[in-house]
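Contents: one structure, followed by commentary.
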Amino acid sequence: MTQPSTVNDESVTYGLRVNGREHGVQAGWLGESLLYVLRERLGLPGAKNACEQGECGSCSVLLDDVLVCACCVLGADAVGSDIRTVEGIGQPDSLTDVQCAFLAEGAVQCGFCTPGLIVAVHDLLDRSPDADELAVREAISGNLCRCTGYGRIFAAVAAVQRERADA
Amino acid sequence: MPDGSATDTATASAAHASATRTATRSPVRGGVGSDADRPDGIPKVQGRFGFSSDAFAEGMLWGRTLRSPHPAARIRSIDTSAAEQMDGVAVVITAADVPGRATFGLDHPDQPVFAADVVRYQGEPVAAIAAVHPEVALRASSAVEVDYEELDPLVDAEAAIDAAPIHPDGNVVRHIEIVHGSPDDASGEVVVDGVYEVGMQDQAFMGPESGLAIPDGDGGVDLYVSTQWLHVDRDQVAACLGLPPEDVRVTLSGVGGAFGAREDVSLQVHLCLLALRTGRPVKMVYSREESFFGHVHRHPAHMRYRHHADRDGTLTKVEARVVLDGGAYASSSTAVISNACSFAAGPYRVPHAHVEGWAVRTNNPPCGAMRGFGSVQVCVAYEAQMDKLAAALGMDPVELRLRNALETGDRMITGQRITGVAPVRECIQAAVDLPLPDDLGGPLEFPGGTGRTADRQHVRRGVGIAVGYKNLMYSEGFDDFSTASVRLELAGDGRPAATVHSAAAEVGQGFVTLAQQIVRSELGVERVQLRAADTAISSAGSTSASRQTWMSGGAVQGACAALRTHLLERVAGQRGIDLAGARRQVLLLRDGEIHHVDEGWSVPLADALVAGPVEETYEYHHAVTEPLDERGQGDAHVSFVFAAHRAVVDVDVDLGLVRVRQITTGQDVGNALNPRQVIGQIEGGIAQGVGLAVMEEILLSQGRIRNPSFTDYLIPTALDMPQVEATLIEQPEPGAPFGAKGVGEPPTISSTPAVVAAIRAATGLDLRRVPVRPDDIALAPSDS
């Protein structure tokens, strides 16, 4: 895909490491968020653009293993970091336990918040496998969902916790 | 090609298939009644699903809309020259560049594509820009010079009825009067009055308005967009472009939620104009702030009620006056006020009623469809009245509702007899029979949550109940038909595979799942693919009014039936059987085989398809309805759906903080075609009802939106959401395909008044306005 044009005189060229792969950003505008760069320059539209001010979590990605909103990070500021997006979770032909549980429990409707939630829930369960219900609610409270009322999402998280505890 | 396909045909793997029910008509997996998996589920959890904001085309430009900062103004002049000369700007267009009809609108075209001389609401489009980069488009939009003469905005809906018109069509979009029975003569032994208000709610879907328009090089255009109704988008775009409809081809792109806000045109016309003017693909994505200005909202309501009843609690008369603020343009206000009036007395037997309703224009943001569509606002009022009446009678509020509950055969206040199932009592009983939640937990579960602001001594619990109902499908004579085609053929591996084509907009609700389930049950074919929804096929009607399960479900079922007949005729012809002369059906399609009833032989479906594919198209129409007459009477609606909710809240009365602990519900669903998806609709709808009850409101100041962001317009988070327990009331609806009723809207109707009733019970306050704000509780006058 051809990268979009830029804003004259404010362009910058740099490299980003996303999902273990090096990507080049050619003549990007300095003011572009990491979210814009991922979506519009690198062909990785999995992180979503719902509020673009860090309120909704739809653009959740991991930056050096820290969960961030990609809309609130400048693309050029992510140079040298390991970036992991939803595209780097699971394989095209094999889903992770979290992805399977979201489908089995009915946690997906329109799906716009789903990629951010998949990233956030993986992060939560990696850090706090035994998170209790309130901790789960608090961890997910940064990811807005307008379709589900969260009930099936809680069920999906609990299902993964049970499954991992039994394994 | 852009990432325009709304559906992925991959079948979900068996690892997470969880069919928990037996299909009703055939043993094939994933049929009607099962918890079949969404066909778009896997790409959605992988981040591969193509939403409209993900669309991309080589060489595309970025569009941007310039909007009025004033709610009411005259435009003296617009100078686009500086913007046009900026590097990277391809074009700047205004009203002068609209080649066709200057206006659009769902009900009637009263809204300008761009304001030319008068601005009627803050955020009204004035110009649009296409540029090489979104930042360039943004800078160009600030370089467009618009000279406004500000006017005093008309912002009071009550005053608008008689005020000087702000639009050539006048301020009253529709006035309805319902006179049922003999309201002038009727009275009751007990009378209660109330005045109620509902604030402006936003649909707040997650995926902002977005799309991609690609000129076809021949004067036409292809539009990939998020919408609820492809064909009315196409017709409005074509009219404004001055093109025949076939030159505008609309394809549904992945939709990030809708809830009514995508029924009206937002960026569709602007995008196509920019693409045709520049000859290049143009993409547009609203920011969240622009989204608040770019779509219609739920009508704010002002309602005055008087209920009359006998001492035994029998309702004798309801009087109501309902004023809906439609904002600057008509949108669907005529239908919203019709619903508000039709359902103004609630799901109760009311022998005499007088209801007057207005939908008016003001310089506030335009309002139109949102989940519940007019039924939501009046439910807040009539359910508060029922509680008031119960208190005046010294009667249990549940008992009062049970005593007056509508049932099959009763007439509603529009005079229409309810002929379908009406399990109002069962819904109420189910909601109150579910167990109550535990007592107050630890401090983290108090109102205020992890802010740890509440003090246990000041936390009070309250319980409230509410019941609501509304219509399914469009009303008052509108024929919102749906079309579907189904094709059956041999796949590469020699097995039968079906393909469904429908323009029904999948917005997250799961119609794509139901379409597959219906084909599996009807044809006994497990592999069902879905073509992208587009305007290459005739209309499916709107994804609104809880209508797609019934209407497009009916269309898919009808196409399957026609296809079955076609196949049987083919086999009969091959075998020399005279079907026309037969006195009864001798051939049946069953379990993936065609059987001869008398002779006992059968032909595998695959063999019958060797001669070639079979395809049938079916157009489904619902029963004919009629407009309300001058007394507001008439058989205006097709079918009705009911639900009851019980809410339990904990309130910190000092700080005015509310925690909704639990909502239980009994919901009339007809038959649940996919119970897992039904539960998803119920929980999601309740979340929006809870939001309206305690937090969601577009705050207006002289017509200006003060909180157009997710920082300031709050929707429920995972921490705000109560526990939800639901009982599905399954009584098949006569005449409905598979006996199923739509399930999307009822959860959003009575959940709000149930929460408000619970807050009243906890605080003893006479709360008349939703959303209930902390101030309404903490700063309430002590004598109220």
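Over chain B, what relative contact order in percent results from Cα pairs under 8 Å that are six or more residues apart?
Numbers: 2105 pairs, mean separation 126.0, N = 784.
Relative contact order of chain B: 16 percent.
Going toward the positive end of the dipole of chain B, with +1 on Lys and Arg Cβ and -1 on Asp and Glu Cβ, which of B:Gly448, B:Ser253, B:Ser542 do you reach last? Farthest towards the positive end: B:Gly448.
For segment B:480-620, averaging the sequence separation of C-alpha pairs within contact (under 8 Å, six or more residues apart) and dividing by the residue count gives a relative contact order of 34 percent. The average projected area of segment A:97-166, computed from the convex hull of its Cα atoms over all directions, is 4.0 nm². Take the Cβ atoms of B:Asp607 and A:Gln91, set R0 to 41 Å, and the FRET efficiency comes out at 0.60.
Report, for chain B, the % of DSSP beta bridges that are antiparallel, rounded to 5. So the antiparallel bridges in chain B amount to around 75 percent. For the protein assembly as shown, the Kirkwood hydrodynamic radius from C-alpha pairs, put into Stokes-Einstein at 37 °C and a viscosity of 0.692 mPa s, yields a diffusion coefficient of 114 µm² per second. Charging the Cβ of each Asp and Glu at -1 and of each Lys and Arg at +1, and nothing else, the dipole of the protein assembly as shown about its Cα centre rounds to 1260 debye. Extending 7 Å from Cα along the Cβ direction at B:Ala96 and again at B:Arg411 yields two label points whose distance is 6.0 nm.
Once every DSSP H run of n ≥ 4 in chain B is given -39500 (n - 2.57) and the sum is divided by its residues, what mean residue ellipticity at 222 nm do you get, rounded to the nearest 500 deg cm²/dmol?
On the way: 18 runs with 188 residues, N = 784.
That comes out to -7000 deg cm²/dmol.
Other chains' Cβ within 10 Å of B:248-256 residues: what's the mean?
Values: counts 0, 0, 0, 0, 0, 0, 3, 3, 12.
Per-residue shielding by partner chains comes out at 2.
When a footprinting reagent is the concern and you count Cβ atoms within 10 Å, what order do B:Ser141, B:Ser342, B:Ser266, B:Ser751 take, fewest first? Show your work: numbers first, answer last.
Numbers: B:Ser141 20, B:Ser342 30, B:Ser266 27, B:Ser751 35.
Fewest to most other Cβ atoms nearby, the residues stand as B:Ser141, B:Ser266, B:Ser342, B:Ser751.
The three principal axes of the C-alpha atoms in segment A:11-88 carry coordinate ranges of 29, 24, 19 Å, sorted with the longest axis first.
The DSSP beta bridges internal to segment A:11-88 are antiparallel in roughly 90% of cases. Compute the FRET efficiency between A:Asp126 and B:Asp712 as 1/(1 + (r/R0)^6), taking r as their Cβ-Cβ distance and R0 = 45 Å, and round to the nearest 0.05. It comes out at approximately 0.85.
Name the shape class, rounded, prolate or oblate, that the alpha-carbon gyration tensor gives for chain B, where a ≥ b ≥ c are the square roots of its eigenvalues, rounded holds for a/c under 1.5, and otherwise prolate holds if a/b is larger than b/c and oblate otherwise. It is oblate, given that a/c is not under 1.5 and a/b is not larger than b/c.
Using the beta-carbon distance between B:Glu150 and B:His108 and R0 = 30 Å, what value does 1/(1 + (r/R0)^6) give for FRET efficiency, to the nearest 0.05? All intermediate terms of the calculation are to be shown ahead of the outcome.
Values: r = 28 Å, r/R0 = 0.94.
Approximately 0.60, to the nearest 0.05.
Measuring between their Cα centroids, segment A:100-140 and segment B:623-687 lie 27 Å from each other.
Here's the picture: charge each Lys and Arg Cβ at +1 and each Asp and Glu Cβ at -1 in chain B, and of B:Ala90, B:Ala390, B:His295 the one pushed furthest to the positive end of that dipole is B:Ala390. Potential lengthening of the chain between B:Asp439 and B:Ser782 amounts to 120.7 nm, from the contour at 0.36 nm per residue minus the alpha-carbon distance.
Computed about the Cα centre, the dipole magnitude for segment A:97-166 is approximately 300 debye when only Lys and Arg (+1) and Asp and Glu (-1) carry charge, each at its Cβ. For segment B:480-620, the pair-distance distribution built from all alpha carbon pairs, in bins 5 Å wide starting at 0, is 2, 10, 20, 21, 16, 13, 9, 5, 2, 0 percent.
Residues of segment B:334-352 with an amide N closer than 19 Å to a point placed 7 Å from the Cα of B:Glu399 along the Cα-to-Cβ direction: B:349. Here the label points at B:Gln723 and B:Arg583, each 7 Å from Cα along the C-beta direction, are separated by 6.4 nm in the simple model. Centre-to-centre, using Cα atoms only, segment B:722-784 and segment A:49-91 are separated by 37 Å. Less than 27 Å apart at the alpha-carbon level, and either on another chain or at least 8 residues along: which lysines does that give for B:Lys317? By straight Cα distance, B:Lys317 reaches B:Lys388, B:Lys470. Put in line by how crowded their Cβ is, counting other Cβ atoms within 10 Å and starting with the fewest, B:Leu444, B:Leu223 read B:Leu444, B:Leu223.
Per 0.36 nm of contour for each residue apart, how much would the distance between B:His175 and B:Asp766 grow if the chain were fully extended, relative to their Cα-Cα spacing? This chain segment gains 209.8 nm when fully extended.
With charges set only on the Cβ (+1 for Lys and Arg, -1 for Asp and Glu), what does the dipole of segment A:11-88 come to about its Cα centre, in debye to the nearest 20? Kindly include the intermediate steps, with their values, before the conclusion.
Working: 6 positive and 10 negative charges, 41 e Å.
With Lys and Arg at +1 and Asp and Glu at -1, about 200 debye.
Placing unit charges on the Cβ atoms of the charged side chains and taking the dipole of the protein assembly as shown about its Cα centre, the candidate lying farthest along the positive direction among B:Pro351, B:Val282, B:Ser701 is B:Pro351.
Here, each number is a calculation from the coordinates, and none is a lab measurement. Treat the numbers as computed from the prediction; the structure is a model and nothing was measured. Here Cβ is always computed from backbone atoms with ideal geometry, including for glycine, and neighbour counts include all displayed protein chains.
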